Amino acid sequence: MSATHYAFRAQKTAGIADGPSWEISSRIPADTAATRCYTHSSDGGWLAYAEGSNVHILPSSSSSSSSPVIISQPNVLALNFSPLSTNLFTFERPVKQENGDMHKNVKAWNVKTGEEVGGWYSKSMDGWEPIITSDESHLIRAGASDIAVFQPPLAPRPISRVRVEGVKGIFLSAPTSLAAGVTSSKPVHPHQEPAVAIWIGEKKGAPASISLYPLSSLLPKSSTATANGNGTSEEIKTETKDLPNTVARKAFYKADKLNVKWNNAGTQALFMAQSDVDVTGKSYYGETNLYLVSLDGSFDGLVDLDKEGPIYDFTWSPNSREFVVTYGYMPARVQLFDSKAKPVFSFGSQHRNFLLYQPQGRLLLSAGFGNLAGGVDIWDVSTRNKVAEFKASNSSHCEFSPCGQYILTATLSPRLRVDNGVKIWWCGGQLLHIQPIEELYQASFAPRLVKDIQPFPAVVPKAPEPNESVAKYGKKGDTTNGGDSKPAGAYRPPGARGTLASDAYSRRDDDKSSPNGSGASTPTPMFRGGKPAGRYIPGSAPPGSAPKEPVNDDKKKRTRKRGKGENEEKPAAATSGAVEQVTEDVSKVDIKDEGDDANSKKIRNLTKKLKAIEDLKTRLAGGEVLERTQVKKIESEQQVRDEIASLGGSA
């Protein structure tokens, strides 16, 4: 098995860095610039990148004996390997030929020889990647009014055409499972054949739907096709059929976008439907819903989420038995569900919008990237304990290495044009390597097939020593591996700070009461109920600490006259005497105690809160669904009444 390594692509350079030293190798020339794209094969054995007018295919491992291949093909915008690395597919921008026909902008090339072996026309770059089964036996392509199935993938004609209109997406499963002993729980046995999820959009008021079919149900009953591996055929007869019935189907509305994820076993699919506009006006980013459908029809339905707000991310566990979702208004909740969409465990509420399982399934990473601060949590899935916590600020890409020991985070352009580079972390949260790269576009580990994933220890191993780049490029003050950081509390209006009812303003679900058990913060000595108890002069004693004395105007006049005479006779002692006299005068100034006015104002504000609580209770009695903060405000009614009574008011 080859050593862990990652590839990167930037405006002025590209390369491969080999672990654990993360030194850049010479497999890609150092002067390689303006690469448009790169991709790894599914098993990580090959790397292809496009630059200038050529496409380069080379072994990604330094120990491989395979020879590099150069394909002369300009204007390549995207690359994709077939599942068994037999062919490399390239995508070019669609261009009309002189005769008006569209040229084949998707082409297939033999990886070992570099010869062109097939191609077709694709109208858009979205979804251009070929849909090929994991054993490379079939290729599926969607047309305007049908779905074509090719066997072999590069055959000139399909063996089956399934009549269906309005297809907006096709999602193919790749049934597989982890080897024995890789995970702490037994993985689900993979399905015996691939399955296809077909998304049909809304039409004339009819809802959109997603249906799951075994691949065999889309094939002809008897096939007379014979073809060799080069895609030529002696006799291929195309059978046209209607879309068959299925027990695995879910209809829904509000789906301008659909994100489908199969589990590794190919027995269930999660899909998130997202609308561009939220008709309720609660979210600028539209409305999201998550559904779960089983291939055998045993379950299909909406995943019930107990917190209002958008769905940020979801992912399957490698054992195919459970999945995790992060959802709700910030701080978002991270919740674990079983295969029947029942909640199993909550990892709490944090500012997180990204989820990632370790390939072995023993660790779970939850992070807050994008417009969040970059906090990252590592959880032990079996014990439900947090293993590590660190901060990867400004990251726009994150992934685990196939061995499960390293985590790669990268700040990519054009998402951010400053601080671009790659960071390598240990799975325990320690920073091991920093590589600043100007205008970095892409970075990723070389992958491995699921069946080739190696076991991971039950306890996180000790981290190796970081290399010199951490001391050279690391920023002072960065916190890694759970560095101490002061948690930010919920915002409270100034008038509610330090009061018994202040907890009603908290949006957190897991807020804890203060040590005194009242649920309120402790006011400072200078303040009563969060507001100044009276006028305060800096340098003088706090109001109420000394008895007030009336000021005599005649005495003040005599004091001024006596001070004037002393100034004429004793100029040397004038300074010290004046300071003492001013201090004495300030101590005798009558400061009006505004405590009563502050209490009255406080009572009025609390009375307004009681009125607002009564309005909420009326709305609740009328059957209206209230937000969690509104329910908390109703629960604080008794605290408000007690506080009014403590201030001498009547509730």
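The values are calculated or read from the model by the stated rules, or taken from the named source; none is laboratory data. Please read all numbers here as calculations on a predicted model, not as lab measurements. FYI the Cβ positions are ideal-geometry reconstructions off the backbone, even for glycines, and counts take in every protein chain you see. With ligands, DNA and RNA removed, areas are computed over all heavy atoms of the protein, side chains included. Shrake-Rupley method; radii C 1.70, N 1.55, O 1.52, S 1.80 Å.
Some points to look at:
- Scan the stretch 422-479 for residues that are under 21 Å from the mean Cα position of the chain (by Cα), among the β-branched types (Val, Ile, Thr) and assigned to a loop (DSSP other than H, G, I, E, B) and the total you get is 1.
- Any hit, the stretch 33-42, residues being in contact with a Lys or Arg (Cβ under 9 Å, 6 or more places away or on another chain), open to solvent by 40 Å² or more (accessible area, probe 1.4 Å), more than 20 Å from Arg9 (Cβ to Cβ) and outside any strand (DSSP E or B): no
- If you go through the stretch 67-112 and keep only what is part of a loop (DSSP other than H, G, I, E, B) and open to solvent by less than 50 Å² (accessible area, probe 1.4 Å), you end up with Gln73, Ser82, Pro83, Ser85, Pro94, Gly100, His103, Asn105, Val111.
- Test result for Ala155, at pLDDT below 90, assigned to a loop (DSSP other than H, G, I, E, B), open to solvent by less than 40 Å² (accessible area, probe 1.4 Å) and more than 18 Å from Lys261 (Cβ to Cβ): yes
- Residue within the stretch 280-301 that is more than 13 Å from Ile210 (Cα to Cα), modelled with pLDDT under 90 and open to solvent by less than 10 Å² (accessible area, probe 1.4 Å) present: yes
- Scope the stretch 355-392; condition open to solvent by 50 Å² or more (accessible area, probe 1.4 Å) and closer than 19 Å to Gly428 by Cβ; matching residues: Ser382, Thr383, Arg384, Asn385, Lys386, Val387, Glu389, Lys391
- Selection within the stretch 253-279 - among the basic types (Lys, Arg) and either assigned to a strand (DSSP E or B) or open to solvent by less than 20 Å² (accessible area, probe 1.4 Å) (or both): Lys257, Lys261
- Cβ separations smaller than 9 Å between residues 6+ apart or across chains give the following pairs from the stretch 344-359 residues that are in contact (Cβ under 8 Å) with a residue 24 or more places away in the chain to residues that are hydroxyl-bearing (Ser, Thr, Tyr) and open to solvent by 40 Å² or more (accessible area, probe 1.4 Å): Arg352/Tyr312; Asn353/Tyr312; Phe354/Tyr312; Leu355/Tyr312.
- For first residues located in the stretch 197-214 and part of a loop (DSSP other than H, G, I, E, B), partners that are β-branched (Val, Ile, Thr) and lie 6+ apart or on another chain with Cβ distances below 9 Å form the pairs Gly201/Val167.
- Considering residues of the stretch 400-419 that are over 19 Å from the mean Cα position of the chain (by Cα) and surrounded by 19 or more Cβ atoms within 10 Å (Cβ to Cβ) only, the residue farthest from Gly44 (Cα to Cα): Gln405
- Subset of the stretch 247-296 (residues that are polar (S, T, N, Q) and over 24 Å from Ser134 (Cα atoms)): Gln274, Ser275, Thr280, Ser283, Thr288, Asn289
- Any hit, the stretch 602-621, residues being part of a loop (DSSP other than H, G, I, E, B), open to solvent by less than 70 Å² (accessible area, probe 1.4 Å) and either over 23 Å from Lys282 (Cα atoms) or modelled with pLDDT under 85 (or both): no
- Of the residues in the stretch 628-638, at least one is among the hydrophobic types (A, V, I, L, M, F, W, C), under 30 Å from Lys307 (Cα atoms) and either surrounded by fewer than 14 Cβ atoms within 10 Å (Cβ to Cβ) or at pLDDT 85 or above (or both).
- Residue match in the stretch 456-476 (condition: among the charged types (D, E, K, R) and modelled with pLDDT under 80): yes
Residue-by-condition table, conditions (1) more than 31 Å from the chain's Cα centre (by Cα); (2) modelled with pLDDT of 90 or more:
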| residue | (1), (2) |
| --- | --- |
| Pro20 | no, no |
| Cys37 | no, yes |
| Glu51 | yes, no |
| Val55 | yes, yes |
